[in-house]
Amino acid sequence: MSKKPISQKRADREKQESQALHRVFNVFLLGLAAECYLLLVYRGYAMGTIDSLLIWHQILTWGMYLGLVMLIAGIAVGVAKRKDRRLRTIMTWVAGGGLFLALTGWVVTFFFDNSRGITAMCVLVPIAVVLALVYLLFQPECFLCTLTVSCAMFAVWARGASADSSAFGMVVIAGCVVGALLLAAAAYLVSKAQKDEGKLWGVRVLTPECDYRVVYGVLAVALVCVALAAAAAPAAYYLLWVLGILLFAELVYHTTRLM
């Protein structure tokens with residue numbers, strides 16, 4: 001089998017880098033648009049007059065239904081036409097937009113007291129954008145660690161913010177319990193992938209150079225922090241500091257491994 005010339009390899013690499021930068025730019029713009037939309041919702045729904053509140057309530061409700069339709073249609077068409085790469089990509093964006101509209105409509109209208117719902121969404125969107133950028137630019141294990149710590153930070157923050165709300169607090173506690181179970185399941189799947197050199201059911205999910213000690217350590221610390229936050233809401237402030245330091249440390253570590 002003949003090898004590609006150096007010029008061809010360089011052209012392929014530049015094409016891949018250009019595509020990656022294009023995806024990063026698209027994700028950044030979409031995240032910015034989503035955050036601007038949420039700020040408009042916050043101004044009209046949480047801080048506006050009664051009339052604007054009623055108008056935005058209708059907009060959010062219809063947006064939730066529209067989002068569900070987009071999500072279902074995007075998934076169905078994307079799976080049915082998965083061999084058509086262009087259509088599959090379009091349907092992925094449609095499903096993602098539908099998920100955002102549906103989730104925003106439900107969270108903002110259901111958790112209306114003290115603007116907890118819209119505040120949570122305003123925090124969640126930047127986290128999702130950063131995670132998408134990490135997924136596009138870093139190793140899979142870096143994305144896994146960053147996703148783990150970010151979700152743990154969001155759960156701990158939500159637990160502290162819901163300490164004085166019975167309804168929202170019970171939902172957050174239930175979410176923390178589910179999150180702890182998911183972290184335990186993630187640790188099991190990582191151990192399974194480790195036995196097959198980073199592959200899970202034949203699909204590569206971690207690089208061969210993955211340092212599993214770091215991955216297990218991140219999962220363990222995140223699990224402990226989520227469990228402590230669920231049991232004691234006042235500890236959330238200190239746990240956020242622990243998770244923030246852990247996030248910075250693992251990002252620096254994985255960045256050095258790229259060099």
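The values are calculated or read from the model by the stated rules, or taken from the named source; none is laboratory data. Note that this is a predicted model, so its numbers are computed, not measured. Here Cβ is always computed from backbone atoms with ideal geometry, including for glycine, and neighbour counts include all displayed protein chains. Note: accessible area is taken over every heavy atom of the protein model, side chains too, but ligands, DNA and RNA are not part of it. Shrake-Rupley method; radii C 1.70, N 1.55, O 1.52, S 1.80 Å.
Tabulated data for the structure shown
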read-out: Residue in segment 177-191 that is aromatic (Phe, Trp, Tyr) and within 18 Å of Val123 (Cα to Cα) present; value: no
read-out: Residue check for Leu243: in contact (Cβ under 8 Å) with a residue 24 or more places away in the chain, out of contact with any strand residue (DSSP E or B) (no Cβ under 9 Å at 6 or more places or on another chain) and open to solvent by 20 Å² or more (accessible area, probe 1.4 Å); value: no
read-out: Leading residue by the ranking (farthest from the chain's Cα centre (by Cα)) among those in segment 79-102 that are closer than 23 Å to Tyr37 by Cα and open to solvent by 60 Å² or more (accessible area, probe 1.4 Å); value: Ile90
read-out: Matching option when the condition is assigned to a helix (DSSP H, G or I), over 28 Å from Gly63 (Cβ atoms) and at pLDDT 75 or above, among Leu21, Leu29; value: Leu21
read-out: Matching option when the condition is among the aromatic types (Phe, Trp, Tyr), within 30 Å of Met121 (Cα to Cα), at pLDDT 85 or above and part of a helix (DSSP H, G or I), among Tyr65, Tyr45; value: Tyr65
read-out: Test set (1) in a helix (DSSP H, G or I); (2) over 24 Å from Val27 (Cβ atoms) - Ala95 fails condition number; value: (2)
read-out: Unmet requirement for Gly217, which otherwise passes all of (1) of a type outside the set (A, V, I, L, M); (2) exposed (fewer than 13 other Cβ atoms within 10 Å of the Cβ); (3) modelled with pLDDT of 85 or more; (4) farther than 12 Å from Val156 by Cβ; value: (2)
read-out: Candidates Val69, Val125, filtered to the one that is touching a Leu at 6+ places or on another chain (Cβ under 9 Å) and farther than 30 Å from Glu209 by Cβ; value: Val125
read-out: Top-ranked residue in segment 27-78 [being open to solvent by 30 Å² or more (accessible area, probe 1.4 Å) and touching a Cys at 6+ places or on another chain (Cβ under 9 Å); ranked as nearest to Phe110 (Cα to Cα)]; value: Tyr42
read-out: Criterion (of a type outside the set (Phe, Trp, Tyr), within 16 Å of Phe143 (Cβ to Cβ), assigned to a helix (DSSP H, G or I) and touching a residue at least 40 places away in the same chain (Cβ under 8 Å)) met by exactly one of Val226, Val218, Val252, Val177; value: Val218
read-out: Residue that is nearest to Leu99 (Cα to Cα) [pool: residues in segment 113-139 that are open to solvent by 60 Å² or more (accessible area, probe 1.4 Å) and in contact with a Phe, Trp or Tyr (Cβ under 8 Å, 6 or more places away or on another chain)]; value: Tyr135
read-out: Selected residue (only one of Glu209, Glu250 is among the acidic types (Asp, Glu), open to solvent by less than 50 Å² (accessible area, probe 1.4 Å) and modelled with pLDDT of 80 or more); value: Glu250
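Conditions (1) of a type in the set (Phe, Trp, Tyr); (2) within 30 Å of Gln19 (Cβ to Cβ); (3) under 15 Å from the mean Cα position of the chain (by Cα); (4) in a loop (DSSP other than H, G, I, E, B), marked per residue:
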{"residue": "Ile127", "(1), (2), (3), (4)": "no, yes, yes, no"}
{"residue": "Leu133", "(1), (2), (3), (4)": "no, yes, yes, no"}
{"residue": "Ser150", "(1), (2), (3), (4)": "no, yes, yes, no"}
{"residue": "Met153", "(1), (2), (3), (4)": "no, no, yes, no"}
{"residue": "Gly160", "(1), (2), (3), (4)": "no, no, no, no"}
{"residue": "Val172", "(1), (2), (3), (4)": "no, no, no, no"}
{"residue": "Leu183", "(1), (2), (3), (4)": "no, no, yes, no"}
